[in-house]
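One structure is given below, encoded as structure tokens.
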Amino acid sequence: MEEYENREFLGDGEAEFSSYAELIGLTLGIDRALAPGNTVDGQLYSMMAATSDTSVRAWCCLLSPEKRNLIRPDGSFDEVMFKALFIMHT
């Protein structure tokens, strides 16, 4: 997970992460974004929404091109990435 958390600093193609690692990364990012902060109640929900949106966008930008397609080269379906993308769109 430490290598995954620092993936933006790795060179292109240095590390390939599993679909499960990508799912965990997405849910951890959303969890961090939705953690309550020290703001006034009226601003709290707005801040949480903006932070979670930024977290999901960052996760999507760092997603490898191979993981963006749910159909693998052998024709099988990546169910774990389907779950991650489903969470992302909800």
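Out of all the residues in region 26-40, is one or more among the hydrophobic types (A, V, I, L, M, F, W, C), modelled with pLDDT under 85 and assigned to a helix (DSSP H, G or I)? Let's see the steps before the verdict.
Residues of region 26-40 that are among the hydrophobic types (A, V, I, L, M, F, W, C), as a first pass: 26, 28, 30, 33-35, 40.
Subset that is modelled with pLDDT under 85: 33-35, 40.
When the remaining residues are screened for being assigned to a helix (DSSP H, G or I), the result is 33-34.
Yes, there is a match, as at least one residue in region 26-40 is among the hydrophobic types (A, V, I, L, M, F, W, C), modelled with pLDDT under 85 and assigned to a helix (DSSP H, G or I).
List pairs: first residue in region 70-90 and without any contact (Cβ under 8 Å) to a residue 40 or more places away in the chain and of a type outside the set (Phe, Trp, Tyr), second residue part of a loop (DSSP other than H, G, I, E, B) and surrounded by 12 or more Cβ atoms within 10 Å (Cβ to Cβ) anywhere in the structure, Cβ distance under 8 angstrom, at least six positions apart or on different chains.
These pairs meet every condition: Leu70/Asp78; Ile71/Asp78; Arg72/Asp78; Leu85/Leu70.
Within region 56-69, how many residues are under 13 Å from Leu23 (Cα atoms), in contact with a helix residue (DSSP H, G or I) (Cβ under 8 Å, 6 or more places away or on another chain) and without any contact (Cβ under 8 Å) to a residue 40 or more places away in the chain?
Of the residues in region 56-69, 3 are under 13 Å from Leu23 (Cα atoms), in contact with a helix residue (DSSP H, G or I) (Cβ under 8 Å, 6 or more places away or on another chain) and without any contact (Cβ under 8 Å) to a residue 40 or more places away in the chain.
Take region 51-90 and flag every residue that is surrounded by fewer than 10 Cβ atoms within 10 Å (Cβ to Cβ), at pLDDT below 85 and among the polar types (S, T, N, Q).
Within region 51-90, just Thr90 meets the criteria.
The values are calculated or read from the model by the stated rules, or taken from the named source; none is laboratory data. Given the structure is predicted, the values throughout are model-derived calculations rather than measurements. No Cβ is skipped: glycine too gets one built from the backbone with ideal geometry, and neighbour counts run over all protein chains shown.
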